[in-house]
Amino acid sequence: MSCGRKAFLLCKNMTPPEVRYYLHKLEHVDTIDPELLSEAEKCEKNTKVLLTLAKPDEKIVEKYGRLTNTLVNYQILALENGSRMV
């Protein structure tokens with residue numbers, strides 16, 4: 001099976017390795033702050049990063065589906081705000 005690609009629309013300028021770091025943080029999400037999730041959904045997404053997905057990345061994207069992009073932005077905002085992400 002070939003590795004897929006996914007475009008991430010982000011609220012902050014990032015490199016592909018940084019996006020992959022936040023993507024892998026989703027493996028350990030236990031609780032989600034609804035207010036921060038709403039902020040992640042509504043934030044202005046000026047940056048588009050195309051990521052080539054390895055098998056572990058594909059599993060995460062399959063698990064969260066269309067919500068993956070929002071959850072990556074959620075992780076970014078959580079770190080900026082100093083919130084616990086898991």
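Just so you know, all these numbers are worked out from the coordinates, no wet-lab data involved. Because the structure is a prediction, the values reported are computed rather than measured. We place every Cβ from the backbone using ideal geometry, glycine too, and count neighbours over all the protein chains shown.
Which of the residues that make up the stretch 41-64 are farther than 16 Å from ARG20 by Cα, of a type outside the set (Asp, Glu) and loosely packed, with under 11 Cβ neighbours inside 10 Å? Working first, answer last.
Restricting attention to the stretch 41-64, the residues satisfying the condition of being farther than 16 Å from ARG20 by Cα are 41-46.
Add one more test, that the residue is of a type outside the set (Asp, Glu), and what stays is 42-43, 45-46.
The one that is farther than 16 Å from ARG20 by Cα, of a type outside the set (Asp, Glu) and loosely packed, with under 11 Cβ neighbours inside 10 Å: ASN46.
Kindly check whether there is at least one residue in the stretch 31-40 that is among the polar types (S, T, N, Q), part of a helix (DSSP H, G or I), exposed (fewer than 15 other Cβ atoms within 10 Å of the Cβ) and out of contact with any helix residue (DSSP H, G or I) (no Cβ under 7 Å at 6 or more places or on another chain).
Going residue by residue through the stretch 31-40, those that are among the polar types (S, T, N, Q) are 31, 38.
Then drop every residue that is not part of a helix (DSSP H, G or I), which leaves 38.
So of that shortlist, the ones also exposed (fewer than 15 other Cβ atoms within 10 Å of the Cβ) come out as 38.
With the extra rule that they be out of contact with any helix residue (DSSP H, G or I) (no Cβ under 7 Å at 6 or more places or on another chain), the set shrinks to 38.
The answer is yes; a qualifying residue exists.
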inquiry  = Could you list, ordered by first residue, the pairs with Cβ atoms under 7 Å in which the first is in the stretch 10-24 and assigned to a loop (DSSP other than H, G, I, E, B) and the second is loosely packed, with under 14 Cβ neighbours inside 10 Å, at least 6 apart or interchain?
reply    = CYS11/GLU44; LYS12/THR47; ASN13/THR47; MET14/THR47
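Would you confirm, using the coordinates I've provided, whether ASN81 is crowded, with 17+ Cβ neighbours inside 10 Å and of a type outside the set (Val, Ile, Thr)? Before the answer, list the steps.
Values: crowded, with 17+ Cβ neighbours inside 10 Å: no; of a type outside the set (Val, Ile, Thr): yes.
No; evaluated as a whole, the condition is false for this residue.
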query = Identify, please: which residue in the stretch 1-30 is over 17 Å from LEU79 (Cα atoms) and surrounded by fewer than 12 Cβ atoms within 10 Å (Cβ to Cβ) and is, among those, nearest to the chain's Cα centre (by Cα)?
reply = ALA7
